Amino acid sequence: MAAARLGRPLPGSSVLFLCDLQERFRDSIAAFPQIVTVAARLLQGCRILGVPALVTEQRPDVLGPTVPELGAQDLPRIPKTAFSMVGAAGPLLGDPKIRSVLLCGIEAQACVL
């Protein structure tokens, strides 16, 4: 079987979704500090490349805000009540110029559904 070819994130056709990296998960997710460190590095790289990013927060009134060490304070934050990001990020996904989405978050079976 041929190896899958991964593209590179390009400004104008890519977007980064940072999903539910919130305070309440800090003590309940294994390796949470390392996950946030990698997510912050990914965000930094996307900033350098000019790839836009957005943050989703699952019920921020209950689970708290996105952790500050992510460095995403200036990004749009989209609250959501469903597990899926699709409803929250729908307007971006409907843009015909967007050809790739970089997903970063915790609990892929729920938060990055």
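The values are calculated or read from the model by the stated rules, or taken from the named source; none is laboratory data. Everything numeric in this text was worked out from a predicted model, so none of it was measured. Glycine gets a Cβ as well: all are built from the backbone with ideal geometry, and neighbour counts include every protein chain shown. Just so you know, the surface numbers come from the protein's heavy atoms only, side chains and all, with ligands and any DNA or RNA stripped out. Shrake-Rupley method; radii C 1.70, N 1.55, O 1.52, S 1.80 Å.
Details
- Surface per residue (accessible, 1.4 Å probe) for the chain, Å²: 60
- Whether the stretch 57-102 is rounded, prolate or oblate, judged on the alpha carbon gyration tensor where a/c under 1.5 counts as rounded: oblate
- For the stretch 6-111, trypsin sites (Lys or Arg not before Pro) are listed when DSSP marks them as loop and at most 12 other Cβ atoms sit within 10 Å of their Cβ; the list is LYS97, ARG99.
- Exposure of ASP74 as accessible area (Å², to 10), given a probe of 1.4 Å and all protein chains: 110
- For the stretch 35-48, 3J(HN,Hα) per residue [Karplus equation, 6.51 cos²θ - 1.76 cosθ + 1.60, θ = phi - 60°, Hz, x = Gly/Pro]: 4, 5, 4, 5, 5, 5, 5, 4, 4, 4, x, 5, 4, 4
- P(r) weight above 24 Å for the chain, C-alpha pairs, percent: 23
- Measuring with a 1.4 angstrom probe and ignoring ligands and nucleic acids, VAL101 comes out at about 60 Å² accessible.
- Percent carbon-and-sulfur accessible area, the stretch 11-105, ignoring ligands, DNA and RNA, probe 1.4 Å: 62
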